[in-house]
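Colleague: Quick one: the structure is below, and I'll ask about it shortly.
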Amino acid sequence: MFTPFHNMNSFWNIGAPTGTPPLSHPLGVEQPNLQAATTEPQQTRVISLIGDGSFQMTCQDVSTMLRYGLNPIIFLINNFSYTIEVQIHDGPYNALMNWDYEGMVKCLNNGQGRLWTAKVKTEEQLEDAIAKATNEHKNDLCFIEVIVDRDDCSKELLEWGTRVGAANGRPHSPH
């Protein structure tokens, strides 16, 4: 059994753990928080949603999870950019070098832990991967790379990015 997503219409800061208020954590804290949550005694399985940018900063934590036999399901959302930053102020600095994320995780495992990986590009592939992760691979660390369009984000994130971008453009006012 796994914990259902809390609010599918929410957007989270880069690296914000699921179940916390939006925009409350800095870039790169998802993997360490996932590791801590997974080591706690529990009746449910921990699920992580992490962006490609955050994962690039903390990917080595997967090695520790494998070492200790932890079994989260990690969904890496690969949109080739820092999407939140793109919505605030787009520029070439928001584009990421695209990694072979599935290969990276396999490299960290080096055949020593319980690992299952998948790369999905369609809803059908995603449904199949979730079924496998929650059934025959329920005891494995499951890493599912989800390929999405660079601009695939919620209406709320677009509105928020516009407001923050406008606020960032204001001249500094002394207090």
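The values are calculated or read from the model by the stated rules, or taken from the named source; none is laboratory data. Everything quoted here is computed from the prediction, not taken from an experiment. Virtual Cβ from ideal backbone geometry, glycine too; neighbours counted across all protein chains shown. To get the accessible areas, we keep the full protein, side chains included, count just its heavy atoms, and leave off ligands, DNA and RNA. Shrake-Rupley method; radii C 1.70, N 1.55, O 1.52, S 1.80 Å.
Colleague: Check off (1) open to solvent by 70 Å² or more (accessible area, probe 1.4 Å); (2) on the phi < 0 side of the Ramachandran plot; (3) modelled with pLDDT under 90; (4) not hydrophobic (A, V, I, L, M, F, W, C) for residue 67 and give me the number that stays unchecked.
Modeller: (3)
Colleague: If you don't mind, another one. Would region 73-83 turn up any residue that is at pLDDT 55 or above and more than 13 Å from the chain's Cα centre (by Cα)?
Modeller: So far as region 73-83 goes, no, none of its residues is at pLDDT 55 or above and more than 13 Å from the chain's Cα centre (by Cα).
Colleague: Determine which member of the set 30, 40 is open to solvent by less than 60 Å² (accessible area, probe 1.4 Å) and at pLDDT below 70.
Modeller: On inspection, the qualifying residue turns out to be 30.
Colleague: Answer yes or no as to whether residue 132 is basic (Lys, Arg), open to solvent by 80 Å² or more (accessible area, probe 1.4 Å) and modelled with pLDDT of 95 or more.
Modeller: No, not satisfied.
Colleague: Still on this model: Quick check on region 116-127. Is at least one of its residues among the hydrophobic types (A, V, I, L, M, F, W, C), in contact with an Asp or Glu (Cβ under 6 Å, 6 or more places away or on another chain) and either modelled with pLDDT of 95 or more or open to solvent by 50 Å² or more (accessible area, probe 1.4 Å) (or both)?
Modeller: yes
Colleague: Can you tell me how many residues within region 124-162 are free of Cβ contacts under 8 Å to residues at least 60 places away in the same chain and among the small types (Gly, Ala, Ser)?
Modeller: 2
Colleague: A further question follows. Check residue 91 against each of (1) open to solvent by less than 30 Å² (accessible area, probe 1.4 Å); (2) closer than 19 Å to residue 72 by Cβ and name the one condition it does not meet.
Modeller: Result: residue 91 fails condition (2) only.
Colleague: Considering only region 88-139, how many residues are touching a Leu at 6+ places or on another chain (Cβ under 6 Å) and of a type in the set (A, V, I, L, M, F, W, C)?
Modeller: The total comes to 2.
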